[in-house]
Each structure stands twice: as structure tokens, then as C-alpha cells.
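Asker: Here's a structure for you.
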Amino acid sequence: MLDFLALAYPWTKFLHIISVISWMAGIFYLPRLFVYHTEQDLDETTDQLFQTMERRLLRGIMNPAMIATWVFGLALVFTPGIVYWGDVWPWLKAISVLAMTWFHHWLGLRRKDFVRGDNTRSGRTYRMMNEVPTLLMIVIVASVVVKF
Ligand code: HEM
């Protein structure tokens, strides 16, 4: 198994990066949809349209992309000679990806608020929360590329 992971390494990393890009595209866009969903004075039809876009983005793109990122990321962790846990960067990356995963679930809970029609958060809150994945992404990419 370890031999196979070593052989597959470039392809695993390729698939990891493709999954990451898809996950990040959704994780940046969904809070923006929440901003518009909150700040516009919407009729019933437009509210339903927003809910459809949010559901499809989360279920059709973000959930599968997050799972694929984890699967290929963990395959890289188990690839011989890639991660040395005596370094700082794997810990920094691990904390940040756990925080990113928490953020993803937070967005999922907020989507359900809109479905029930009881969203209490303002557009300003969603704008501010939009910065969370940006900061985490900077820390994650710096960790894995600079490897301090
Ligand atoms: C979800 C759990 C994740 C795990 C377990 C994980 C693990 C890893 C590992 C072990 C590597 C290989 C490093 C190497 O080849 O030296 C890697 C590469 C990479 N990861 Fe992740 N990762 C995860 C999520 C993410 C996220 C969320 C991002 C971006 C926001 C990301 C961005 C990258 C990039 C850009 C590389 C390629 C770095 C390079 O080759 O220089 N990863 N990941």
C-alpha cells in the first residue's frame, strides 16, 4: 500500500489540488450568496431561487469537493517521506484545515436557517465571516509551500 502511495504521489497531489480549488470556489461564494439573500428585499420566487442556488452549491460542489480534498490529503499524509510531524507546518496546516471544515459546517447550518425562514444574521456578519476562509487559505498554502 505504501509503495502504491509513493508511486501515485504526483497524481494524488494533482487530484488534491483540483479538489481544493473546487472546495475553495464554493466556500468563497456561498457566504456572498448569503449577503445578497439577506440584504435584498426578496419576493417568494426570488427567495426560492436563492435557496436552490445555495443548496446546489453546497450539495453538488462543496460537499463532494471537501470529501475529495480530505481523501487525497490524507493519502498524501500517509505517502512515505512527505510529512514529518517534527516540523511545524503539518500542525499549522492540520489546525487550519480543521477550522476550514468547521467553517464549511457553519455555512451548512446557516443555509438551513434560510430554508426555515429564520435567518437572524446580518449581511455585515456574512461579509465578515467571508474573510475567515481567506485567512485560513493563506496560512494553509504558506504552510504547505514554505514548509517552516
Ligand atoms: C482537508 C485536509 C487536508 C489534508 C489532510 C492535506 C494534506 C496535504 C499534504 C500531506 C500535502 C503534501 C505536501 C507535499 O507534497 O509536500 C498537501 C499538499 C497541498 N495542499 Fe493540502 N491538505 C488538506 C487540505 C488542503 C486545503 C484546504 C488546501 C488549500 C486551501 C490545501 C492546499 C494544498 C496545496 C496547494 C498543496 C500542494 C503544495 C506543494 O506541492 O507545494 N490542502 N496537502
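Throughout, read-outs are computed from the coordinates displayed, never taken from laboratory work. Just so we're clear, the structure is a prediction, and the values are computed from it rather than from any experiment. Cβ sites come from the backbone with ideal geometry, for glycine too, and all protein chains shown count toward neighbours.
Asker: What aspartates and glutamates sit close enough to residue 13 to cross-link, taking a C-alpha to C-alpha distance under 16 Å and skipping anything fewer than 8 places away on the same chain?
Answerer: Counting by Cα, and skipping residues close in sequence, residue 13 has these aspartates and glutamates nearby: 3.
Asker: Let me check the size of the chain from its C-alpha atoms; what are the radius of gyration and Dmax in Å?
Answerer: 17.7, 58
Asker: Determine, for each peptide in 40-48, 54-62, the mean count of other beta carbons within 10 angstrom over its residues, then list the peptides with the highest first.
Answerer: The most tightly packed comes first, giving 54-62, 40-48.
Asker: What's the FRET efficiency of residue 11 with residue 77 using the Cβ-Cβ distance as r and R₀ = 25 Å, to the nearest 0.05?
Answerer: That pair, residue 11 with residue 77, gives E of 0.95.
Asker: Give me the angle, in degrees from 0 to 90, between the Cα long axis of helix 63-78 and the longest principal axis of the Cα atoms of the chain, rounded to the nearest 10.
Answerer: Helix 63-78 sits roughly 20 degrees off the main axis of the chain.
Asker: Once phi is turned into θ = phi - 60°, what whole-Hz ³J(HN,Hα) does the Karplus curve with 6.51, -1.76 and 1.60 give for every residue of the range 106-120, x standing for Gly and Pro?
Answerer: Result, rounded to whole Hz: 4, 4, x, 5, 5, 4, 5, 4, 5, 4, 7, x, 10, 5, 10.
Asker: Would you mind getting me the FRET efficiency between residue 59 and residue 142? Use the beta-carbon distance for r and R0 = 41 Å, nearest 0.05.
Answerer: 0.85
Asker: Give me the distance in nm between label points sitting 7 Å out from Cα along the Cα-to-Cβ direction at residue 115 and residue 3, one decimal.
Answerer: 4.7
Asker: While we're looking at this one, here's another question. Kindly express, to the nearest 10 degrees and within the range 0 to 90, the angle between helix 131-146's C-alpha long axis and the longest C-alpha principal axis of the chain.
Answerer: Roughly 10 degrees, rounded to the nearest 10.
Asker: Under a Cβ-only charge scheme (Lys and Arg +1, Asp and Glu -1), can you give me the dipole magnitude of the chain about the Cα centre, in debye to the nearest 20?
Answerer: Working: 14 positive and 11 negative charges, 43 e Å.
The dipole of the chain has a size of about 200 debye.
Asker: So if we plug the beta-carbon distance of residue 94 and residue 25 into 1/(1 + (r/R0)^6) with R0 = 22 Å, what FRET efficiency do we get, rounded to 0.05? Before the final figure, lay out each step's value.
Answerer: Numbers: r = 23 Å, r/R0 = 1.03.
Calculated transfer efficiency: 0.45.
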